[in-house]
Amino acid sequence: MEIIKCQDAVDLGVKSAEKSAQIINEAINEKGSARIVLSTGKSQLETLNHMISQPIQWEKVEMFHLDEYINLPENHPASFRKYLKERFTSKLPLKKAHFIDSEGNVGEMIKQLNEEISKESIDLGIIGIGENCHIAFNDPPADFQTKEPFIIVNLDQACKEQQVGEGWFSSIDVVPPQAITMSVHQILQCRCIVSPVPFLVKAEAIKNVLESEKITNQIPATILRSHPNCTLYLDQDSGSLIKEKVL
Ligand SMILES: O=C1O[C@H](COP(=O)(O)O)[C@@H](O)[C@H](O)[C@H]1O
């Protein structure tokens, strides 16, 4: 895993967006199109904001959505599909955007997504890391075994608390208990992974991810250390607790 230390969240957004654009453009040059996976959340705002101004032939890019709460209406402020539509897909002429619409028949939705994502390889995954070290909604102990691309998971207390802390929900009681998430196995199938992780609230998580002696499903993001092409972007705050020898 390569680690890039940035000055602040904006610098991190610029650098991770430029790296992402490079990966997308290489894929387009090689095979005429690119397939990407996008994360959401507060930590992804600067990256997405700088992505949309990158010199990319967006009509050759197909996008997949990483995770979504089950039964959360799209007009809810915490809806991840609302987040991506407002900040990304509505601003770009994408080839196709695959959203997790978790309000209808969830089983059918997952079946369709599994079929779509399995058609071709994914060139780039932009993958955030949560305060509880989750990737997507794979909270600890994460399922490292399943080969299904999208799965249903229960959200843990720390994950719900983070969402309330960031202001997406008014209290823990109203955070949906379940979500559809891309599985850990499927995330690892991305040819390249860019992981933007700014902010002080992530410092403890980053320390745990980088300093854990072993890769473990109790610290789900440690699995990113096993990926052959993963770049982790930290700012001064999120990287403030790690020992220099790790860098
Ligand atoms: O909850 C999630 O965690 C990560 C990071 O989100 P953030 O709220 O800490 O910025 C996010 O990328 C992912 O899509 C979501 O499941």
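Taking the conditions (1) assigned to a loop (DSSP other than H, G, I, E, B); (2) touching a residue at least 12 places away in the same chain (Cβ under 8 Å); (3) over 27 Å from residue 117 (Cα atoms) in turn, residue 209 satisfies each one other than (1).
Only one of these is away from the ligand (no atom under 12 Å from the Cβ) and farther than 23 Å from residue 80 by Cβ: 223, 242. Name it.
The conditions single out 242.
Go through (1) within 12 Å of the ligand (Cβ to nearest atom); (2) under 16 Å from the mean Cα position of the chain (by Cα); (3) in a helix (DSSP H, G or I); (4) at pLDDT 95 or above and name the single condition residue 201 misses. Failing condition for residue 201: (2). Does residue 109 satisfy being of a type in the set (A, V, I, L, M) and touching a residue at least 60 places away in the same chain (Cβ under 8 Å)? Considered against the rule, which asks whether it is of a type in the set (A, V, I, L, M) and touching a residue at least 60 places away in the same chain (Cβ under 8 Å), residue 109 comes out as yes.
When region 94-113 is filtered for residues that are among the polar types (S, T, N, Q) and either out of contact with any helix residue (DSSP H, G or I) (no Cβ under 8 Å at 6 or more places or on another chain) or surrounded by fewer than 13 Cβ atoms within 10 Å (Cβ to Cβ) (or both), the ones remaining, listed by number, are 105, 112. Filtered by the rule that a residue be within 13 Å of the ligand (Cβ to nearest atom) and of a type in the set (A, V, I, L, M, F, W, C), region 152-181 gives 153, 155, 158, 159, 164, 168, 169, 175, 179, 180. Might you let me know whether region 114-132 holds any residue that is surrounded by fewer than 20 Cβ atoms within 10 Å (Cβ to Cβ), within 21 Å of residue 41 (Cβ to Cβ) and either within 9 Å of the ligand (Cβ to nearest atom) or not polar (S, T, N, Q) (or both)? The answer is yes, given that some residue of region 114-132 is surrounded by fewer than 20 Cβ atoms within 10 Å (Cβ to Cβ), within 21 Å of residue 41 (Cβ to Cβ) and either within 9 Å of the ligand (Cβ to nearest atom) or not polar (S, T, N, Q) (or both). Looking across region 141-175, the residues that are within 21 Å of residue 222 (Cβ to Cβ) and hydrophobic (A, V, I, L, M, F, W, C) come down to 142, 144, 151, 153, 155, 158, 159. Of note, residue 17 satisfies the criterion of being closer than 30 Å to residue 215 by Cα, touching a Ser or Thr at 6+ places or on another chain (Cβ under 8 Å), in contact (Cβ under 8 Å) with a residue 24 or more places away in the chain and of a type outside the set (Val, Ile, Thr). Take residue 86 and decide whether it is at pLDDT 95 or above and within 16 Å of the ligand (Cβ to nearest atom). Judged against the criteria, residue 86 is a match.
Scan region 118-133 for residues that are part of a loop (DSSP other than H, G, I, E, B) and either touching a Leu at 6+ places or on another chain (Cβ under 9 Å) or of a type in the set (Lys, Arg) (or both) and report the count.
Residues in region 118-133 being part of a loop (DSSP other than H, G, I, E, B) and either touching a Leu at 6+ places or on another chain (Cβ under 9 Å) or of a type in the set (Lys, Arg) (or both): 3 in total.
Just one residue in the set 115, 74, 59 is in a loop (DSSP other than H, G, I, E, B), of a type outside the set (A, V, I, L, M, F, W, C) and either farther than 17 Å from residue 234 by Cα or more than 14 Å from the chain's Cα centre (by Cα) (or both); that residue is 74.
The values are calculated or read from the model by the stated rules, or taken from the named source; none is laboratory data. Note that the structure is predicted; figures quoted are calculated from it, not measured. Please note: Cβ atoms are built from the backbone with ideal geometry, for glycine as well, and neighbour counts cover all protein chains shown.
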